[in-house]
1. Per residue, what volume in Å³ does the convex hull of the Cα atoms of the stretch 163-319 enclose?
2. Could you list the residues of the stretch 224-239 with an amide nitrogen less than 16 Å from a label point located 7 Å from the Cα of HIS189 in the Cα-to-C-beta direction?
3. If you build a Gaussian network model of the chain, linking Cα atoms that sit under 10 Å apart, which residue out of ARG338, ARG163, ARG107 swings the most?
4. Remind me, relative contact order of the stretch 1-90 in percent, using alpha carbon pairs under 8 angstrom and six or more residues apart?
5. Heavy-atom accessible area per residue, the chain, 1.4 Å probe: how many Å²?
6. If one computes the Cα centroid of the stretch 150-181 and of the stretch 258-324, what distance in Å separates the two points?
7. Add +1 for every Lys or Arg and -1 for every Asp or Glu among the other residues with Cβ under 13 Å from the Cβ of LEU142, and state the total.
8. For the chain, report the % of Cα-Cα distances exceeding 34 Å.
Amino acid sequence: MSDVAPIVVGVLLDHPGPESPMIGEMRRVVDQAVASGRLDRPVTFVTEVSDGLPRGTAAAVTASFERLVAQDVLIIMGPTITDNGLIARDLADQAQVPCCNWTGSDRTRSEWMFHYQIGSLEEEPHLLANHLEAQGCRRLVLVQDQSPIGARYGQFFEDAVMRLGLQITAKSLISPVTTDLTATVDDLHRQETDALVYLGLGLSAGALGRAVTAADWHPRVVANSALMFGYAYPEWVADWEGWTYVDAWSEQNPRLRSLLAARSDGDSVFPMTVASGDDMGRLLVEGLAGAESLTRAGVKEALERVKCLPATLGTPGTTMGFGQWDRAALKGGFLVLRRWEKGLSVVVDPGADSSD
């Protein structure tokens, strides 16, 4: 294949720092497809790293996206944060480049923007509210990022609370990049409550944990998928002891168990990294291998034909696929309640009391 032009795949990352191992997993899957002959030409990845929202700017994301388009990429994987997914969604439609982000919001989907849901701003709140109701929690205090992510979570959480007859007795809006929530926690600590709820991107969740610990307060706490930041920042986890949150990987998923078992003991990886990278790599392969013509429109149409692909993320039976007007990759049980205990993420028994 030395005389064949490579397929160029763009990766749009929206926060600076080391590249996530998830991208390496994605590349591994694509390389295997090239080696097996499923893809009949080499694949080159080009990456653009931007300092996007909420810490950076929308302009940085736009500039990175445009640089990828200029490099004749067939498809762009990314970005990862909802704020930036909303920007990239419109850019994808304007440029008519197929993209697949891994943000948390269904609002990032469009004609040219596909969505691999690592979490769901719209569905997680209902999962959390149902869990609280099952635990007998009626009065709730809410800490919520003042951002597009926080607002979307909050809207759907309030819908769920209203449906179940629960009550939000106090609500505090915070900066998504705050590092000190002492005053907020002091105020909420004085409220009568059955549970503390956190909804946000996750950068402020570390500050919330530190403030709760410093106040010697021990409420029941539930949070959205923001606490997946614990994999990247294990020093935050000590302050989240006993906190229940939404995750997306399950020890019972047979594909994930097989992949983890095949790795050497020296490989230090998080199950979430393996699962999401494997899934997105396989979606990428299906889009490239299934294209009737290697054009951007051809890849888009091939992705629309992906159906019933077993997912590595989520509970057993979770599948992936797209369709005409369907841009949500994961179908079924892709949200999993977990809890931080002694530095480890453990699955929550739906019938168990998290205060035990």
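The values are calculated or read from the model by the stated rules, or taken from the named source; none is laboratory data. Predicted model, so just to flag it, every value in this text is computed and none were measured. Backbone-built Cβ (ideal geometry, glycine too); neighbour counts: all protein chains shown. These area figures cover heavy atoms from the full protein model, side chains too; ligands, DNA and RNA do not enter into them. Shrake-Rupley method; radii C 1.70, N 1.55, O 1.52, S 1.80 Å.
1. Here the figure is 184 Å³ per residue.
2. Under 16 Å, as judged by backbone N against the label point of HIS189, lie 239 of the stretch 224-239.
3. ARG163
4. On the way: 129 pairs, mean separation 37.7, N = 90.
Reported relative contact order: 42 percent.
5. Values: 14800 Å² over 356 residues.
Normalised by residue count, the accessible surface of the chain is 42 Å².
6. 33
7. Details: positive: ARG139, LYS171; negative: ASP145, GLU158, ASP187, ASP194.
Taking every other residue near LEU142 into account, the sum is -2.
8. Counting every Cα pair in the chain, those more than 34 Å apart make up 26 percent.
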